[in-house]
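One structure is given below, encoded as structure tokens.
The values are calculated or read from the model by the stated rules, or taken from the named source; none is laboratory data. All figures in this text were calculated on a predicted structure; none of them were measured in a lab. Glycine gets a Cβ as well: all are built from the backbone with ideal geometry, and neighbour counts include every protein chain shown. The protein model used for the area step is the full one, side chains on, heavy atoms only, and it has no ligands, DNA or RNA in it. Shrake-Rupley method; radii C 1.70, N 1.55, O 1.52, S 1.80 Å.
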Amino acid sequence: MEPLIQLKNIRVKFPVKRGFASMIAGQEKKVVHAVNGINLEIGKSEIMALVGESGSGKTTLGKVITVLHPKDAVAGEIVFLGESLWDEKGKLKSGYHQEVCMIFQDPYQSLNPKHKIEKIVSEPLVVNKISKSKAVLRVRVIQALEDAGLVPAVDFLDRYPHELSGGQRQRVVVASALVMSPKLIVADEPVSMLDVSIRSEILKLLLKLRDEKGISCLFITHDISLAWAISDKIGVMYLGTMLEYGDTESVIQNPQNPYTRALIDIMPKMRVRKNEKRMLLKGETPNPIELPEGCVFHPRCPLAMACCKATKPPSRDVGNGHINVCHLLE
Ligand code: SF4
């Protein structure tokens, strides 16, 4: 599949703010290692899911793609449509903010309660100086609302967010992205605040946008069953590291990494390895300020060996681009 965006060895570090007492005591500045050397590629008309527990770095990576982090916190290279995102002078590729949009999990907080839907959806066009013409803005807003499944769109223009259901609000959030005619939507837990009955509607909408408009999506979720339902490709992240990566069916039907297996095993309906013992996770994700030596997952891995504590595991292609980062089967 032709790549839309490629991330090469992306690293993100944030300094931890020191309190007055620690400054006086001369304590060292600490750093959060949020993302540690991630490589990934999203194709045109492709949905990629990033899966992992909170603290895995998946939202940070989404914000790297949408350029929401300060540039000096991010290292590595991003290539969009074959060109580097930044030129030699450090200037962002022009028009990028129109091609890549982010939608967040909470449709209640994403929408200004004082504004009507027409104003909310037209705002990205106004901010990006696409048009000042009211007629042009209205045509684009109506099209975006229809593409987001709010029909007839004219019935929604004069309404306020509180007059809509949770599902309709999330469709307005999607319309606010679609109004820019993006090539990629980064959707951060877009259905986690919605009722189960409405979730499948939003998932179907993202699939429809992929199939009919060719819009790619990075779908960020802690729920591997949702990732399975919607994505073409999955990346499994833990403590800022990609532990497994590949085509969705390959990763779900033949998970290689103990962490992926554990995520699958806590989803009763997803048990694909019926004859194997469940892989149970112990403890909590460690502090990203002090990353474990060796494999970052070793303090919680039920299959950890002595080498896992000392040496970083290799990245291995187990077939057709299905990558596993683990010492097992060396
Ligand atoms: Fe577990 Fe070791 Fe593999 Fe890490 S490298 S996932 S600790 S077996």
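Just one of (1) open to solvent by 10 Å² or more (accessible area, probe 1.4 Å); (2) within 16 Å of the ligand (Cβ to nearest atom); (3) assigned to a helix (DSSP H, G or I); (4) touching a residue at least 60 places away in the same chain (Cβ under 8 Å) trips up residue 251, so point out which.
(1)
Within the group 245, 259, which residue is assigned to a strand (DSSP E or B) and of a type in the set (Phe, Trp, Tyr)? Please lay out each step first, then the result.
Numbers: 259 fails: assigned to a strand (DSSP E or B).
So the residue among 245, 259 that is assigned to a strand (DSSP E or B) and of a type in the set (Phe, Trp, Tyr) is 245.
For residue 108, state whether it is at pLDDT 95 or above, hydroxyl-bearing (Ser, Thr, Tyr) and more than 27 Å from residue 6 (Cα to Cα). I'd like the intermediate steps shown before the answer.
On the way: at pLDDT 95 or above: no; hydroxyl-bearing (Ser, Thr, Tyr): yes; more than 27 Å from residue 6 (Cα to Cα): yes.
For residue 108, the condition - at pLDDT 95 or above, hydroxyl-bearing (Ser, Thr, Tyr) and more than 27 Å from residue 6 (Cα to Cα) - is not met.
Take residue 187 and tell me if it is modelled with pLDDT of 95 or more, farther than 20 Å from residue 322 by Cβ and buried (at least 21 other Cβ atoms within 10 Å of the Cβ). Spell out how you get there, then give the answer.
Working: modelled with pLDDT of 95 or more: yes; farther than 20 Å from residue 322 by Cβ: yes; buried (at least 21 other Cβ atoms within 10 Å of the Cβ): yes.
So residue 187 fits the description; yes.
Would you list the helices (runs of 4 or more DSSP H) that sit entirely within the range 87-181 and hold 2 or more residues that are surrounded by 20 or more Cβ atoms within 10 Å (Cβ to Cβ) and touching a residue at least 12 places away in the same chain (Cβ under 8 Å)?
On the way: elements: 96-99, 107-110, 117-127, 134-147, 166-178.
In the range 87-181, the matching helices (runs of 4 or more DSSP H) lie at 117-127, 134-147, 166-178.
Taking the range 100-112, which residues are closer than 18 Å to residue 194 by Cβ and not charged (D, E, K, R)?
Pass one, the range 100-112, residues closer than 18 Å to residue 194 by Cβ: 102-111.
Within the range 100-112, 102, 103, 104, 105, 107, 108, 109, 110, 111 qualify.
Could you list all residues from the range 182-195 that are part of a loop (DSSP other than H, G, I, E, B) and β-branched (Val, Ile, Thr)?
If the condition is that a residue be part of a loop (DSSP other than H, G, I, E, B) and β-branched (Val, Ile, Thr), then 191 is the only one that fits.
Return the pair list, or none, for Cβ contacts closer than 9 Å from residues in the range 284-304 that are within 16 Å of residue 256 (Cβ to Cβ) and small (Gly, Ala, Ser) to residues that are more than 8 Å from the ligand (Cβ to nearest atom) and in a loop (DSSP other than H, G, I, E, B), at least 6 apart or on different chains.
No pair meets every condition.
How about the range 275-314: which of its residues are surrounded by fewer than 15 Cβ atoms within 10 Å (Cβ to Cβ) and outside any loop (DSSP other than H, G, I, E, B)?
Selection gives 306, 307, 309, 310.
Can you tell me which residue among 296, 318 is more than 8 Å from the ligand (Cβ to nearest atom), closer than 21 Å to residue 38 by Cβ and β-branched (Val, Ile, Thr)?
Values: 296 fails: more than 8 Å from the ligand (Cβ to nearest atom).
Of 296, 318, the one residue that is more than 8 Å from the ligand (Cβ to nearest atom), closer than 21 Å to residue 38 by Cβ and β-branched (Val, Ile, Thr) is 318.
Among 289, 230, 234, which is the only one that is away from the ligand (no atom under 16 Å from the Cβ), under 14 Å from the mean Cα position of the chain (by Cα) and within 24 Å of residue 33 (Cβ to Cβ)?
Within the list 289, 230, 234, the selection yields 234.
Kindly provide the set of residues from the range 262-282 that are within 15 Å of the ligand (Cβ to nearest atom) and either among the aliphatic types (A, V, I, L, M) or modelled with pLDDT of 95 or more (or both), ordered by number.
Listed by number, the residues that qualify are 262, 263, 264, 279, 280, 281.
Out of the range 44-58, which residues are surrounded by fewer than 24 Cβ atoms within 10 Å (Cβ to Cβ) and at pLDDT below 95?
Once the filter is applied, which keeps residues that are surrounded by fewer than 24 Cβ atoms within 10 Å (Cβ to Cβ) and at pLDDT below 95, the range 44-58 yields 53, 54, 55.
For the range 257-267, indicate whether the set of residues that are in contact with a strand residue (DSSP E or B) (Cβ under 6 Å, 6 or more places away or on another chain), on the phi > 0 side of the Ramachandran plot and crowded, with 21+ Cβ neighbours inside 10 Å is non-empty. Show your work before the answer.
Within the range 257-267, the first condition is being in contact with a strand residue (DSSP E or B) (Cβ under 6 Å, 6 or more places away or on another chain), and the residues that meet it are 257, 259-260.
Retained after the next criterion (residues that are on the phi > 0 side of the Ramachandran plot): none.
Among the residues of the range 257-267, not one is in contact with a strand residue (DSSP E or B) (Cβ under 6 Å, 6 or more places away or on another chain), on the phi > 0 side of the Ramachandran plot and crowded, with 21+ Cβ neighbours inside 10 Å, which makes the answer no.
Which pairs have Cβ atoms under 9 Å, sit 6 or more apart or on different chains, and link a residue in the range 309-321 that is on the phi > 0 side of the Ramachandran plot to one that is assigned to a loop (DSSP other than H, G, I, E, B)?
Note: pairs meeting the criteria are 319/254.
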